[in-house]
1. Just to be sure I understand, how many residues within the stretch 29-46 are more than 11 Å from the ligand (Cβ to nearest atom) and either small (Gly, Ala, Ser) or surrounded by fewer than 24 Cβ atoms within 10 Å (Cβ to Cβ) (or both)?
2. With respect to the numbered conditions (1) within 16 Å of the ligand (Cβ to nearest atom); (2) under 14 Å from the mean Cα position of the chain (by Cα), which one is the sole condition not fulfilled by ASP110?
3. Taking the stretch 11-28 on its own, how many of its residues are open to solvent by 10 Å² or more (accessible area, probe 1.4 Å) and under 18 Å from the mean Cα position of the chain (by Cα)?
4. Working only within the stretch 116-128, note down all residues that are among the small types (Gly, Ala, Ser) and not in a helix (DSSP H, G or I).
5. State which residue pairs qualify: first residue under 30 Å from ASP241 (Cβ atoms) and near the ligand (Cβ under 9 Å from one of its atoms) and inside the stretch 175-195, second residue in a loop (DSSP other than H, G, I, E, B) and at pLDDT below 85 in any location, beta carbons under 7 Å apart, and separation of 6 or more residues or different chains.
6. Looking at (1) within 15 Å of the ligand (Cβ to nearest atom); (2) open to solvent by less than 20 Å² (accessible area, probe 1.4 Å), can you tell me which one PHE228 breaks?
7. Only one of these conditions is not met by ARG256: (1) in a loop (DSSP other than H, G, I, E, B); (2) in contact with a Ser or Thr (Cβ under 8 Å, 6 or more places away or on another chain); (3) surrounded by fewer than 18 Cβ atoms within 10 Å (Cβ to Cβ). Which number is it?
8. Please go through the stretch 129-171 and give me each residue that is outside any helix (DSSP H, G or I) and open to solvent by less than 20 Å² (accessible area, probe 1.4 Å), ordered by number.
Amino acid sequence: MTATTSRPSPEELAAVARRARWRIIETVTSSKAGHIGGPLSATDLLVALYFAELDIDPADPKKTDRDRFILSKGHSAIGLYSVLALRGYFPEEELATFDHGDSRLQGHPDMLLTPGVDASTGSLGQGLAFGAGIALGAKKLGRDFHTWVMVGDGEIEEGMVWETVLSAPRFGLDNLTLIIDLNGLQQYGWPAGPDDRFDRSEPVGHVDLERVFTGFGWNALSIDGHDFDAILGAFDRVTDDRGVSGRPTVIIANTRKGRGISFTEGTYKWHNGVATDEQLDLARTELLGTTEDAR
Ligand SMILES: Cc1ncc(C[n+]2csc(CCOP(=O)(O)OP(=O)(O)O)c2C)c(N)n1
């Protein structure tokens, strides 16, 4: 893991995140394909991981003892690609090929195609089990790297997630951290009745995730997933716990779907979508403070 002293400041991370958010909406709009809300809710967490936490080398994407990151909510691929591009894994210009048939940047992450992608994902619910396997392998081989997995809060309705939540503590996987991007909205909000009489913006809020995970034998902490001080503080707690409690850690990150752009924030309707020219201009001004896209 990166030494904390060499970390960028929260202000520097926020500037990277604004640029990443711009690349997300710009790329999805020009490709006319992809997701917006989920990538935007995860951006600050991804920027903090790739710019301040992960022990990785963009010039050597397959370095044996690199930290691993698995974007289990694979539909947010454009969010990961934007951060990977800004971190130097491939040129920012390549984002323009997103979702083209012959591109390295497919609509969902492909570990065989894209430098920096550690797992192929898209079918929700599988990434945590994959990550636990990597973390267990690292333990067995005596390797000192950390595995991170990000899931969506809708995604954790998948049963396979809970098989791993149940088993990971038994293997002592303190080299595994799960981040839940808790943005409170799925593809169509939350399930509604047949006549749509329920409020789709009302999340299934009865689950106390911190208590549930603690009960399963995990360390659990809740943070504001858009506050870089809080995110980096949570990462430090993970580092401090390595080899201490023998438990995996879950970071429950409270986020906003569509975060950072006025017309996408807080609505399931921008789970995916294509902005108009006017909306794109507005997003550019809000994120970059200019109507020019200075590359
Ligand atoms: C197994 C599976 N079922 C359904 C889908 C279709 N799908 C893609 S995104 C999504 C909603 C996911 O919601 P959430 O995990 O909350 O993601 P976020 O809000 O962060 O975008 C669904 C149902 C899928 N990719 N995989």
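The values are calculated or read from the model by the stated rules, or taken from the named source; none is laboratory data. From a predicted model like this one, the values you see are computed outputs, not experimental measurements. Cβ sites come from the backbone with ideal geometry, for glycine too, and all protein chains shown count toward neighbours. Ligands, DNA and RNA are excluded from the accessible area calculation, which covers all protein heavy atoms including side chains. Shrake-Rupley method; radii C 1.70, N 1.55, O 1.52, S 1.80 Å.
1. 6
2. Failed condition: (2).
3. Number of matching residues: 6.
4. Residues satisfying the conditions are GLY116, ALA119, SER120, GLY122, SER123, GLY125.
5. Qualifying pairs under 7 Å: GLY184/PRO203.
6. (1)
7. Only one criterion is unmet by ARG256, namely (3).
8. Within the stretch 129-171, PHE145, HIS146, THR147, TRP148, VAL149, MET150, VAL151, GLY152, ASP153, GLY154 qualify.
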